[in-house]
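Read through the structure below, which is laid out as structure tokens, and then see the notes.
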Amino acid sequence: MRLITSVSEMKAITREVRSRGKSVGLVPTMGALHKGHLSLVRQAKQQCDVVVASVFVNPAQFGPDEDYGRYPRDLDKDFNLLSAYNLDTVFSPSADEMYPEGFQTFVEQGPLSGIYEGASRPGHFRGVATVVLKLFNIVQPDMAYFGQKDFQQALAVRRLVEDLNLNVRLVLCPIVRDEDGLAISSRNAYLKPAQRKASLAISQCLRRAEDLAHSGECDAQKILDEMCCVLRAGPGVKIDYMALVNPVGFEPVSRITAGVIALVAARVGPVRLIDNAILGPPGTSPEELLQMALSAPAVTTAEARIPGIDAEAVVHKIEGCRDCAAISTILLPPREFMAGYLKRDYPDLGSVRTAVIGRHTTARPDNSFYRNNGRPNRFVTALYDLLGVAGFAEFKQRFILTDVIRCHASGPRIPDKAMHNCSRHLRNELCLFPNLDTLVVLGEDAYLGVQRFLLDRDSGGIQPFATFIGSRGWVEEQAGLPSLDGRSIRIFYCHHPSLGYQRSPSLASALAK
Ligand code: AMP
């Protein structure tokens, strides 16, 4: 792991990494690292080839009366903590390096930057947006990791990415708390023991909001009143603001719906602390709650058009899809986009006649199909068996492997909006192969996806998978694909080769016909 302090050196490193086709993840921090920061690092390591953590106490986001001068700084300790994660680079520039003499350009954001944190800390989001944009330009990450702890900041960054058409996917990770419930923060170090005890009222008032919402209370004012009582019970705790807001524009709500955020900022002695909770049905995991909040109505409806059959354009469109970025990528690595591997593995798109559609990303990204040149694992072996190919070289001559569900959505509840976006990407991808004449559809979710989104069939009329597939183990149909100008395509539906207990007999001879 290397420590880089110069902007030009950092730029050169990422240029080199990107030229090797590796993905870059950025974890921006102000140092004084703790378990919250490290959860972002872990997530980034799971999803990116190369991870850069930045450690920079950004003067531009502190007000004149704030704690810039005494903010905790210990780069050696931070470096040691990060070295356990085998990161590639720690980028820790000086303030002069980031804001050299003559610096005068700042990012101004709209209404979101003037409320709550923005109202309490004038100029804060101007400083945040400016430094984040600078870091994105210097590090050029594919993915950047932020914490739910600073929810408003994450939304401001999402707006920045959206409004300025930045080519980075944002990932938001749940709040990490100490055992007593206090959200971990670098500023907790300022708290004296009695203040620390009093500050527990902050997380307790959020727990109270959750309990009330879970018990069916949906009157926002009643919940706020109760939260206030709990918070005031903390000795010496002074409320800065407290609100129940919708997760998109941060407008106050009067009724609670899933995804509403309870926000609190309070002073305990001289220390200002913030915390929040996403309200949702009881038993919902933190990741699902984040997904609920982030997949609330889309930030934008602008549709970019794909000009013709152009692999580069599709790659960029899919990588830059803000609809996907609106869906939190928690737990699972992003399902791999076949488009990312086109250049390396498919110099001649015309040679591909069959698209294989089905889940294939494993929990470990380094185990995934294209990234690993189809190195045999349980899925790959069974897939080659099913298709009757000897190995990756033969596979990529005739087949491409892609998926209908890949908006990083995990768990059984994949929002319809996510499915629509994924299927749009799938349709765009299939258009890249002019001689495509066959689809092999692996398993139930791909079957449902293909029926609904490629063949435009009404979900009510789609047979259950088990009935459809019957005892033969696979089914063939010939169908016109609307997205391929109605061209007739052979479709083979079969069991997923490694999910579930059923195997389909080899399709090799049917495919050869
Ligand atoms: P900071 O160093 O405070 O600027 O934080 C850097 C990143 O870590 C931000 O995206 C924060 O939201 C995130 N972060 C800070 N505290 C926590 C926490 N307790 N849990 C999860 N993420 C956190």
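What follows draws every value from the coordinates through simple rules; no lab data is involved. Remember, predicted model here, so these are calculated numbers, not experimental data. Note: ideal-geometry Cβ built from the backbone for every residue, glycine included; neighbour counts use all protein chains shown.
Could I get the Rg over Rh figure for the range 27-151? Both from C-alpha atoms, Rh via Kirkwood, rounded to two places.
Details: Rg = 14.7 Å, Rh = 15.5 Å.
Using Cα coordinates only, the ratio equals 0.95.
With the cut-off at 1.5 for a/c, could you classify the range 448-490 from its C-alpha gyration tensor as rounded, prolate or oblate? Oblate, because a/c is 1.5 or more while a/b does not exceed b/c.
With a Förster radius of 30 Å applied to the C-beta separation of residue 375 and residue 343, the computed FRET efficiency comes to 0.95. The range 19-84 and the range 91-166 have Cα centres spaced 14 Å apart.
Which value in Å is the Kirkwood Rh of the range 1-84 over different Cα pairs? Don't skip to the end; give the middle numbers.
Numbers: mean 1/r = 0.0706 Å⁻¹.
Kirkwood hydrodynamic radius for the range 1-84: 14.2 Å.
Kirkwood radius and radius of gyration were both taken over the C-alpha atoms of the range 170-256, and their ratio Rg/Rh is 0.99.
Counting only DSSP beta bridges whose two residues both lie in the chain, roughly 45 percent are antiparallel.
Give the calculated FRET efficiency between residue 76 and residue 96 to the nearest 0.05, with a Förster radius of 30 Å applied to their Cβ-Cβ distance. Working shown, then result.
Numbers: r = 21 Å, r/R0 = 0.68.
Step by step, r from the Cβ atoms, then E = 0.90.
At a Förster radius of 22 Å, what calculated FRET efficiency corresponds to the Cβ-Cβ distance of residue 499 and residue 471, to the nearest 0.05?
Values: r = 19 Å, r/R0 = 0.87.
Once the sixth-power term is evaluated, E becomes 0.70.
Relative to the longest principal axis of the Cα atoms of the chain, the long axis of helix 35-47 makes an angle of roughly 20 degrees.
In cubic angstrom, how much convex hull volume per residue do the alpha carbon atoms of the range 79-195 span?
Details: hull volume 18.7 nm³, N = 117.
Cα-based convex hull of the range 79-195, divided per residue, equals 160 Å³.
Computed from Cα atoms, the angle from the helix 193-214 axis to the main principal axis of the chain rounds to 50 degrees. Computed over the chain, relative contact order equals 10 percent, with contacts defined as Cα pairs under 8 Å that lie 6+ residues apart. Derived value for the range 231-295: Kirkwood hydrodynamic radius 12.8 Å. Basis is the mean of 1/r over every pair of different alpha-carbon atoms. Remark: spin-label model distance residue 219-residue 65 equals 3.7 nm, labels positioned 7 Å along the Cα→Cβ axis. Loop-located chymotrypsin sites (Phe, Trp or Tyr not before Pro) across the range 468-513 with a Cβ neighbour count of 12 or fewer within 10 Å are 501, with loop assigned by DSSP.
Are there GluC sites (Glu not before Pro) in the range 152-250 that DSSP marks as loop and that have at most 15 other Cβ atoms within 10 Å, and which are they? Please report the intermediate quantities before stating the final value.
Details: sites: 162, 179, 210, 217, 226; in loops: 179, 217.
For GluC sites (Glu not before Pro) across the range 152-250 that sit outside H, G, I, E and B with at most 15 neighbouring Cβ atoms in 10 Å, the list reads 179, 217.
Helix 7-19 axis versus longest C-alpha principal axis of the chain: approximately 20°, rounded to the nearest ten.
By the Stokes-Einstein formula, at 1.002 mPa s and 20 °C, the range 64-134 with its Kirkwood radius over alpha-carbon pairs has D equal to 145 µm²/s. For the range 416-513, the normalised intensity computed at q = 0.14 Å⁻¹ comes to -0.54 (log10 of I(q)/I(0), Debye sum over alpha carbons, equal scatterers, no solvent). The fraction of Cα-Cα pairs per 10 angstrom bin, counted from 0 for the chain, comes to 4, 17, 26, 23, 16, 10, 3, 0 percent, rounded to whole percents. Applying Stokes-Einstein at 10 °C and 1.306 mPa s to the Kirkwood radius of the range 465-513, computed over alpha-carbon pairs, gives a translational diffusion coefficient of 131 µm² s⁻¹. Of the GluC sites (Glu not before Pro) found in the range 1-66, those that fall in a DSSP loop while having at most 16 other beta-carbon atoms within 10 Å are 66.
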